[in-house]
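Worksheet: one structure, shown below.
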Amino acid sequence: MIPLLIYIAIFVAAFFLVTKVVQGAGLKDYTSLKTVTFGDESAVRPNRAAGVISILTIFLMWGIFTGSSLLPSFLHAPGPFEGTATFTYTAQVEGQAPDDATVTVVVHPREQETEAPQVEPGDGFAKNDSAAIAQWRTGLINVARNDEISKSDGNQVIAINGQKIAPGESVEVEGGVVTLSDKGTPNFQPTRGWQMEPLYLPAPEAVWVRSIEIAKEGFRNFTLLEHLGYSLFRVVVGFLLGALVGIPLGYAMGLSDWFRGWFDPIVEFMRPVPPLALIPLVIIWAGIGEAGKIILLFLAALWIMAIAARSGVSGVKISKVHAAYSLGASKWQIMRYVIVPNSLPEIFTGARVAMGVCWGTVVAAELVAAEQGAGMMIMTASKFQNTDIVIMGIILIGVIGFGIDMLMRWAERLLVPWKGKG
Amino acid sequence: MTGLSIQNLSMRFDLPNGDHVQALQDVSLDLKAGELLSVLGPSGCGKTTLLNIVAGFLAPTSGKLVLNGHDIKGPDAERGMVFQQGALFEWMSVRENVGFGPSMKGTPKIDKDKTVDHLLDVVGLQDFKEKAVYELSGGMQQRVALARCLANDPDVILMDEPLGALDALTREKMQSLVLKLWKETGKTIILITHSVEEALLLGERLIVMAPRPGRIHKEYRLPFADLGVDADLREVKKHPEFGPRREEILNMIWDMEEEIMGGTEDAA
Ligand SMILES: Nc1ncnc2c1ncn2[C@@H]1O[C@H](COP(=O)(O)OP(=O)(O)O)[C@@H](O)[C@H]1O
Ligand SMILES: [Mg+2]
């Protein structure tokens, strides 16, 4: 809840700061003079400043709630308690006066082994205790253990820091909360603060350090590049095979009624089946090795490419074909110089979609079963609670997916500049 | 025998629902080589169908087509076609579009380049040679289409409302260009248009077609095309015969359109 409110606050503050104060002070551009902006593409283009601030905000929030060392510490959300805390408990035994004793708790970071400190026993039948508890964890402190009268002889904790307490109730003390368990043993929970536990969300720099480490040393017998390379290799091979079969199939379907009739039911049926749903069958048939993955990606790309090629062929304007005929072109020449180039924009659109689907599918397939690959990396890391590797993997998968799309767009602009211009 | 002869041409479309449309009925027409015929008529009277049959894209239900002594049996480079718009190949540059016909025939590059250069000069697009066709204005695109058609040196040029999508001013310039090209190349031209003025200005001969079934309603021989070759088309329009002719044909087509509208009302 608090992170969401902070996020909204940053959004609103940045909006007013940038649009009203910084950009509003400059000259009005033409767009701002328009009164009709709905449905006008030129009127709503992404605000660059908003984009940059948006990304910075994500890292900022990440840093705030993980106590990142990249941020000055006054920006950190309150962190978990660390250090020594003390509280007193009051023990009572039937027929005797209650006696107080002090408990000293050392709260230490998880990765740092710490011994409970030595303390003086003190006077009375209740003796002073000590404990060491890791941050984010809780600890039962069996205070009666060293007392002169044991629990089984009727030694009961009735108050913490002088406040009455019964089993199930809590008392706030320095550095945390003491709750009396059902059996009457105090349970100390150190204050957690608002930061995320590193186990769930490591700080950005921790992810960065781990990325460098994995890049240098590898993960599970393969280097980082090999993991990513395997995923990419599967995508590229699966996609190429899919395109190699799908495009001619699409052409045949666009040009011949027999092919159209024969393959339409198959294509139309397979199209809405998500490739992920094929993973179990592919594993049964082809196992978890390369062959299975490539078959899966081949199938993912095949239908998309066939449909793209089919609509590219069917979409040719009849006047273009007529023009070519009356300019003396033969059937083959029309195929080569009219039908094929005319279908390329559609095929490129299909290829972009197919690459995106393949990338998503390969990661999912690797999550299920693989010896290497981006998906396998994050799945294995998650089993060992290496959240930093999981986050690194997700970021890399996103970056690569984005890169693939950018590459396809660039190729499209370069190779079919006439797209959408007919 | 040179020229185009259309003999008792009929075209009937059978519709999937069992109905049929008599798009053309018993159309006969003789065109001498080098004649420019403009075709007018309300929409749906079979103008495009007639042109498509002459181009060879459609086989007529009955009738005979003879060009320069041989039967027409399908599309051929001897009959070039200029469409209204969107028939250029946008994946090719202006030069490649114009050179398309010669390329298909395997004309040597030197000859092809010469033809293309010459035609680009004629239509005034030499500076746009390497541009993509979608970078040109509508008028320029139609000039490319004309040049592309001429590059094949066809005997007959078929035009289906080639200037229909252009603005008035560009259209006027293009009309002069068509006349100039006609005179210079001596091609036989069939031009379909919706504009009565255009039909009068460009057509040495003019036929008005009537619908249901599609047939030739009336034919004219006109002096304006010859006058327009050397004169400003606006001057030609001031010719004493021009106004009355325009009124006459406008009324004729108007009446036909009324009849169609009336007919559909009766049917409804
Ligand atoms: N391929 C076709 N199938 C069925 N009917 C057609 C086809 N082509 C044209 N027609 C019909 O033939 C008639 C003449 O069409 P068309 O030649 O396009 O007329 P115009 O060009 O004079 O407007 C119209 O009624 C049209 O609906
Ligand atoms: Mg028509």
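The values are calculated or read from the model by the stated rules, or taken from the named source; none is laboratory data. Remember, predicted model here, so these are calculated numbers, not experimental data. Every residue, glycine as well, gets a Cβ built from its backbone with ideal geometry; the counts of neighbours run over all protein chains shown. Ligands, DNA and RNA are excluded from the accessible area calculation, which covers all protein heavy atoms including side chains. Shrake-Rupley method; radii C 1.70, N 1.55, O 1.52, S 1.80 Å.
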Task: Residues (over 42 Å from the mean Cα position of the chain (by Cα) and surrounded by fewer than 16 Cβ atoms within 10 Å (Cβ to Cβ)) located in the range A:101-118 - done: A:Gln118
Open item on the list: Please go through the range B:88-98 and give me each residue that is within 10 Å of chain A (Cβ to nearest Cβ) and either in contact with a Cys (Cβ under 6 Å, 6 or more places away or on another chain) or more than 14 Å from A:Lys421 (Cβ to Cβ) (or both), ordered by number.
Closed with: B:Glu96
Task: Only listed residue being out of contact with any helix residue (DSSP H, G or I) (no Cβ under 9 Å at 6 or more places or on another chain), closer than 23 Å to B:Thr185 by Cβ and crowded, with 21+ Cβ neighbours inside 10 Å, chosen from B:Leu88, B:Leu36, B:Leu67, B:Leu51 - done: B:Leu51
TODO: Among the residues of the range B:179-188, write down those that are hydrophobic (A, V, I, L, M, F, W, C) and out of contact with any helix residue (DSSP H, G or I) (no Cβ under 6 Å at 6 or more places or on another chain).
DONE: B:Leu181, B:Trp182
Open item on the list: Quick check on the range B:15-57: of everything there that is within 16 Å of ligand 2 (Cβ to nearest atom) and within 14 Å of another protein chain (Cβ to nearest Cβ), which residue is farthest from the chain's Cα centre (by Cα)?
Closed with: B:Phe57
Open item on the list: With the structure loaded, tell me whether A:Arg409 is farther than 30 Å from B:Asn52 by Cβ and within 14 Å of chain B (Cβ to nearest Cβ) or whether it fails that test.
Closed with: no
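Being open to solvent by 40 Å² or more (accessible area, probe 1.4 Å), over 13 Å from the mean Cα position of the chain (by Cα) and not aromatic (Phe, Trp, Tyr) is the filter here; which residues of the range A:362-385 pass it?
Of all residues in the range A:362-385, those open to solvent by 40 Å² or more (accessible area, probe 1.4 Å) come to A:367-368, A:371, A:379, A:382-385.
Then keep just the ones that are over 13 Å from the mean Cα position of the chain (by Cα); that gives A:367-368, A:371, A:383-385.
Once the filter is applied, which keeps residues that are open to solvent by 40 Å² or more (accessible area, probe 1.4 Å), over 13 Å from the mean Cα position of the chain (by Cα) and not aromatic (Phe, Trp, Tyr), the range A:362-385 yields A:Leu367, A:Val368, A:Glu371, A:Lys383, A:Gln385.
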Open item on the list: Against the definition (over 14 Å from the mean Cα position of the chain (by Cα) and either within 16 Å of ligand 2 (Cβ to nearest atom) or away from chain A (no Cβ under 14 Å) (or both)), how does B:Thr193 come out, yes or no?
Closed with: no
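Of all residues in the range A:373-422, count the ones that are of a type in the set (Phe, Trp, Tyr) and closer than 22 Å to A:Ile58 by Cα.
To start, the set of residues in the range A:373-422 that are of a type in the set (Phe, Trp, Tyr) comprises A:384, A:402, A:410, A:418.
Those left that are additionally closer than 22 Å to A:Ile58 by Cα: A:402.
Within the range A:373-422, residues that are of a type in the set (Phe, Trp, Tyr) and closer than 22 Å to A:Ile58 by Cα number 1.
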TODO: Please specify each residue of the range B:70-86 satisfying the condition of being at the interface with chain A (Cβ under 7 Å from one of its Cβ atoms) and touching a strand residue (DSSP E or B) at 6+ places or on another chain (Cβ under 8 Å).
DONE: B:Arg79, B:Gly80, B:Met81, B:Phe83
Task: Options B:Leu201, B:Leu206, B:Leu191: the member that is touching a residue at least 60 places away in the same chain (Cβ under 8 Å) and touching a Phe, Trp or Tyr at 6+ places or on another chain (Cβ under 9 Å) - done: B:Leu206
Open item on the list: One residue is enough: does the range A:342-360 have a residue meeting the conditions β-branched (Val, Ile, Thr), open to solvent by 20 Å² or more (accessible area, probe 1.4 Å) and more than 19 Å from the chain's Cα centre (by Cα)?
Closed with: yes
Task: Output for the range A:289-341, where each listed residue is more than 20 Å from B:Gly80 (Cα to Cα) and within 9 Å of another protein chain (Cβ to nearest Cβ) - done: A:Pro341
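Could you identify the single residue in B:Leu179, B:Leu227 that is more than 14 Å from chain A (Cβ to nearest Cβ), away from ligand 2 (no atom under 16 Å from the Cβ) and either open to solvent by less than 40 Å² (accessible area, probe 1.4 Å) or among the aromatic types (Phe, Trp, Tyr) (or both)? Steps first, answer last, please.
Numbers: B:Leu227 fails: either open to solvent by less than 40 Å² (accessible area, probe 1.4 Å) or among the aromatic types (Phe, Trp, Tyr) (or both).
Sole residue among the options that is more than 14 Å from chain A (Cβ to nearest Cβ), away from ligand 2 (no atom under 16 Å from the Cβ) and either open to solvent by less than 40 Å² (accessible area, probe 1.4 Å) or among the aromatic types (Phe, Trp, Tyr) (or both): B:Leu179.
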Open item on the list: Yes or no: the range B:157-173 includes at least one residue that is more than 14 Å from every other protein chain (Cβ to nearest Cβ) and within 16 Å of ligand 2 (Cβ to nearest atom).
Closed with: yes
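Out of B:Val39, B:Val82, I need the residue that is within 12 Å of ligand 1 (Cβ to nearest atom) and under 23 Å from B:Leu181 (Cα atoms). Which one?
B:Val39
Restricting to the range A:197-221, what's the tally of residues that are charged (D, E, K, R) and closer than 9 Å to A:Asp388 by Cβ? Spell out how you get there, then give the answer.
Initial filter on the range A:197-221 (charged (D, E, K, R)): A:197, A:205, A:210, A:213, A:216-217, A:220.
Now restrict to residues that are closer than 9 Å to A:Asp388 by Cβ: A:210.
Summing the residues that are charged (D, E, K, R) and closer than 9 Å to A:Asp388 by Cβ in the range A:197-221 gives 1.
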Open item on the list: Cβ-Cβ distance below 6 Å, separation of 6 or more or different chains: which pairs start in the range A:107-136 with a residue that is closer than 23 Å to A:Arg192 by Cα and end on one that is of a type in the set (Ser, Thr, Tyr) and part of a loop (DSSP other than H, G, I, E, B)?
Closed with: A:His108/A:Thr114; A:Ala132/A:Thr114
- [ ] List every residue pair whose Cβ atoms lie under 6 Å apart, where the two residues are 6 or more positions apart in sequence or sit on different chains, the first residue falls within the range B:107-128 and is basic (Lys, Arg), and the second residue, located anywhere, is surrounded by 11 or more Cβ atoms within 10 Å (Cβ to Cβ) and outside any helix (DSSP H, G or I).
- [x] B:Lys112/B:Gly99
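Kindly provide the set of residues from the range B:190-208 that are of a type outside the set (Asp, Glu), outside any helix (DSSP H, G or I) and surrounded by fewer than 24 Cβ atoms within 10 Å (Cβ to Cβ), ordered by number. Explain how you work it out, then say what you get.
Here is the first cut: in the range B:190-208, the residues of a type outside the set (Asp, Glu) are B:190-196, B:199-203, B:205-208.
Subset that is outside any helix (DSSP H, G or I): B:190-195, B:203, B:205-208.
Result: B:Ile192, B:His194, B:Ser195, B:Arg205, B:Ile207, B:Val208.
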- [ ] Test A:Leu327 against the criterion of being modelled with pLDDT under 95, under 30 Å from B:Ala145 (Cβ atoms) and open to solvent by less than 20 Å² (accessible area, probe 1.4 Å), and give yes or no.
- [x] yes
TODO: Report the residue count in the range A:119-137 for those that are crowded, with 19+ Cβ neighbours inside 10 Å and at positive phi.
DONE: 1
Task: Answer residue from the range B:126-141, given it is over 12 Å from B:Arg95 (Cβ atoms) and within 13 Å of chain A (Cβ to nearest Cβ) and is surrounded by the most Cβ atoms within 10 Å (Cβ to Cβ) among those - done: B:Gln141
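Going by the structure shown, is B:Ser62 within 14 Å of chain A (Cβ to nearest Cβ) and away from ligand 2 (no atom under 16 Å from the Cβ)?
Details: within 14 Å of chain A (Cβ to nearest Cβ): no; away from ligand 2 (no atom under 16 Å from the Cβ): yes.
Answer is no for this residue.
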Open item on the list: Every residue in the range A:138-187 that is in contact (Cβ under 8 Å) with a residue 60 or more places away in the chain and open to solvent by 30 Å² or more (accessible area, probe 1.4 Å), please.
Closed with: A:Asp153, A:Gly154, A:Gln156, A:Ile158, A:Asn161, A:Gly162, A:Glu174
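Restricting attention to the range B:42-56, which residues are on the phi > 0 side of the Ramachandran plot and near ligand 1 (Cβ under 6 Å from one of its atoms)?
Of the range B:42-56, the ones on the phi > 0 side of the Ramachandran plot are B:44, B:46, B:56.
Hits for the range B:42-56 are B:Gly44, B:Gly46.
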